[in-house]
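Trainee: Handing you this structure, nothing more for now.
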Amino acid sequence: GALQGLTEFLPISSSGHLVIMQHLLNVNIAGNLVEVAAHVGTLLSVLVFYKKEIINIYLTLETKETQSYLAILFLATIPSILFVLYAKNFILAFFESQKYVGVALFLTGIVLFLSILSKKTSSAINIRKAVLIGLAQAFAIIPGISRSGMTITTALILGIAKKEAAKFSFFLAIPAILGATVLTIFDSKFVFESTFILPIALIVVVSFISGYYALKALIKVLESGKLYYFGFYCLIIGLISFLSF
């Protein structure tokens with residue numbers, strides 16, 4: 001849970017780290033329930049962190065500005081939905097292979113270095129930019145590819161302001177995580193037992209707490225323009241993961 005909270009918002013791939021940690025701790029649970037439980041905790045941290053913005057959206061639902069923003073969020077979510085529907089087996093294969101995760105982490109590191117190319121100007125999010133960011137998020141469903149790293153870096157390169165890039169990225173995470181949770185509940189064949197539910201609940205709680213503070217830390221890193229620093233970490237961890245297993 002702590003690992004998920006720290007790595008979900010820092011651009012180093014939470015799902016990739018969870019796969020590695022499950023191998024190290026010899027955790028063997030059917031499907032990707034551990035990943036989903038951990039993501040639920042970080043979803044709650046997003047809702048709490050951006051509660052003012054979310055409430056404002058609710059209060060201004062009748063305005064064209066808010067409706068346009070929600071429409072753009074919906075469009076950016078479509079690529080992830082299609083990717084999950086048509087590449088499910090491909091995605092699950094990554095959850096079972098630490099070597100694949102190592103390669104994906106290495107690619108994440110390369111992408112993070114591209115954040116250096118971010119434009120200095122600040123432009124609004126339009127349909128074209130939203131779709132491109134959505135495609136980046138879809139690719140990041142693969143364990144080892146950082147969702148926040150891909151979406152924020154793409155937004156920065158497209159000239160979107162740092163804080164707005166982060167907010168749009170994490171707003172996109174809300175339907176993505178909810179969708180993954182629903183699919184796992186209907187698709188998994190595990191049996192709920194009291195001894196099993198408690199550890200999963202603990203993962204949710206701990207990932208929520210650590211995720212909230214990790215999110216605050218990421219905003220500070222973005223403001224300093226040092227997002228690419230995490231690229232070094234991903235390259236190193238990816239290489240170690242690939243060579244060790």
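No value in this document is a laboratory result; all are computed from the given coordinates. What you are looking at is a predicted structure, and each value in this text was computed from that prediction instead of being measured. Quick reminder, even Gly has a Cβ in these numbers, built from the backbone with ideal geometry, and neighbours come from all protein chains shown.
Trainee: Which of the residue pairs Lys99/Lys167; Lys64/Lys220; Lys52/Lys129; Lys51/Lys226; Lys64/Lys216; Lys167/Lys226 have a Cα-Cα distance greater than 28 Å in the structure shown?
Mentor: Beyond 28 Å between Cα atoms: Lys99/Lys167; Lys64/Lys220; Lys64/Lys216.
Trainee: Please give the peptides 215-228, 135-148, 155-168 ranked by average Cβ packing (other Cβ atoms within 10 Å per residue), highest first, as a rough proxy for protection.
Mentor: 135-148, 155-168, 215-228
Trainee: Given H placed 1.01 Å from N in the peptide plane, which residues other than close sequence neighbours of Ile160 have an amide H under 5 Å from its amide H?
Mentor: Answer set, sorted by chain and number: Ser123.
Trainee: So what are the ³J(HN,Hα) numbers for the range 122-137, from phi and the Karplus equation (6.51, -1.76, 1.60; θ = phi - 60°), rounded to whole Hz, Gly and Pro as x?
Mentor: Ordered by residue, 3J(HN,Hα) equals 10, 10, 7, 7, 10, 4, 4, 5, 5, 5, 5, 5, x, 5, 5, 5 Hz.
Trainee: Also, quick follow-up: Which FRET efficiency value, to the nearest 0.05, is calculated for Asn126 and Tyr58 with the Förster distance at 30 angstrom and r the Cβ-Cβ distance?
Mentor: The pair Asn126/Tyr58 has a calculated efficiency of 0.80.
Trainee: Using 0.36 nm per residue of separation minus the Cα-Cα distance, give me the extension gain between Ile174 and Leu198 in nm, one decimal.
Mentor: Stretched fully, the Ile174-Leu198 segment lengthens by 6.2 nm.
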